[in-house]
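The values are calculated or read from the model by the stated rules, or taken from the named source; none is laboratory data. Remember, it's a predicted structure, so these values are computed and weren't measured experimentally. Neighbour counts run over all protein chains shown; Cβ positions are idealised from the backbone, glycine included.
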Ligand SMILES: C[S@@+](CC[C@H](N)C(=O)[O-])C[C@H]1O[C@@H](n2cnc3c(N)ncnc32)[C@H](O)[C@@H]1O
């Protein structure tokens, strides 16, 4: 086994499947990549007409593809040889490219990634929602490397003689293996520095030989790194490795001129360099709604509100503010982050929306997890008097799906902006303004 991989003695995971890229190649084909699809793979057709999603291939390229998965109607493969490379192809920078499960777009020039992902986003909307994104849909970009201020890593510990060897890694997809790294080029310099220095002291001697634990890391962007070892997000001080105490997970994050209280145990946006652009876009969207009379300043409702991040950035513009979040740990921070005129509710957003029929003018901002809006949430929105909605999303597929549902009750896209929060990966953050 390569030095870069760690196989725990006792896995907490079910029977491992080998990741697709490690499966023995069955057959190879020469294909021309037609386009990039959701997830960053290249799409091609095999000689028998079946679609093939090719990892590591770019539009226009002619490649030799080894199949890793085959069904009657579609196949998956990996590019084993690039016969005619795209002018946008570059050498991946990280030795764990194709292994750790993250940063699968490193073979594409960082300067071009936003353009390619915007094209994929447009296609998603056409295919799933049958809606065209606006022509002038802007993609905000930031640093291509060293941007990630939040991460979940695995800490492993082995004993060499009297010494503990502490190492860090990422869980590989569909596997119980861990891809070990010394330095991760997308993590912020403060997180890499913490892992190479202080973290080794903290974790040394705290494990049984051969054991491992997951740790959430959080860099506040101002020199403060916190970690959280709990597996249960609701137990702020819990630890899955006996002997390891989480640091105090809470810290203060300076964003767009405000100090936001957050912590390693709760959700927070993970690209602090670009976050001010998203805040500005959301503030502009609110101002526009108020200026054209499509929204009212009487009530802001922030659903899936986390630590009350968007409410904190917008509360100066509204008379009344309600945040709704189901994670009680987030709620503790929201109470600190928001002024007295704000009410922070602990509930599933969909239940709150159904029980509190919004029949007065209100501005809504929603920022759901990858799964998008629950159907009861879109139904309650359709039935409400809300006529302007700001939808922040980290998943283009569920965003397109929900936009299609909301379009049935008259919502149209007024504004769309994207934020390249996760360079080197196929993920794109979006903000849509929907109005009716
Ligand atoms: C993408 S995060 C957004 C948080 C916040 N808007 C921010 O920018 O920091 C989604 C949040 O929704 C919460 N959440 C997930 N499902 C929920 C639900 N059904 N009802 C309420 N909150 C939910 C999660 O705990 C998480 O804090």
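A compact table of results
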quantity	calculated
Number of positions in region 342-393 that are in a loop (DSSP other than H, G, I, E, B) and either farther than 18 Å from residue 405 by Cα or modelled with pLDDT under 95 (or both)	13
Number of the exception - residue 306 against (1) within 12 Å of the ligand (Cβ to nearest atom); (2) within 23 Å of residue 378 (Cα to Cα); (3) without any contact (Cβ under 8 Å) to a residue 24 or more places away in the chain	(3)
Selection count, region 264-280, where residues are more than 13 Å from the ligand (Cβ to nearest atom), in contact (Cβ under 8 Å) with a residue 40 or more places away in the chain and part of a helix (DSSP H, G or I)	1
Filter pass, residue 30 being at pLDDT 90 or above and either closer than 15 Å to residue 173 by Cβ or surrounded by 15 or more Cβ atoms within 10 Å (Cβ to Cβ) (or both)	no
Neighbours by Cβ (under 7 Å, 6+ apart or cross-chain): first from region 363-383, closer than 13 Å to residue 324 by Cα; second within 8 Å of the ligand (Cβ to nearest atom) and part of a helix (DSSP H, G or I)	365/310; 367/310; 377/349; 377/350
Among residues of region 314-341, those that are more than 9 Å from the ligand (Cβ to nearest atom) and part of a helix (DSSP H, G or I), counted	12
Within region 351-391, tally of residues that are away from the ligand (no atom under 12 Å from the Cβ), out of contact with any strand residue (DSSP E or B) (no Cβ under 8 Å at 6 or more places or on another chain) and under 22 Å from residue 313 (Cβ atoms)	1
Out of 355, 429, 350, 343, sole residue that is within 19 Å of residue 306 (Cα to Cα) and free of Cβ contacts under 8 Å to residues at least 24 places away in the same chain	343
Strands (runs of 3 or more DSSP E) wholly inside region 95-172 that include at least 1 residues being assigned by TED's automatic domain parsing to the domain that holds residue 402, at pLDDT below 95 and in contact with a helix residue (DSSP H, G or I) (Cβ under 7 Å, 6 or more places away or on another chain)	none
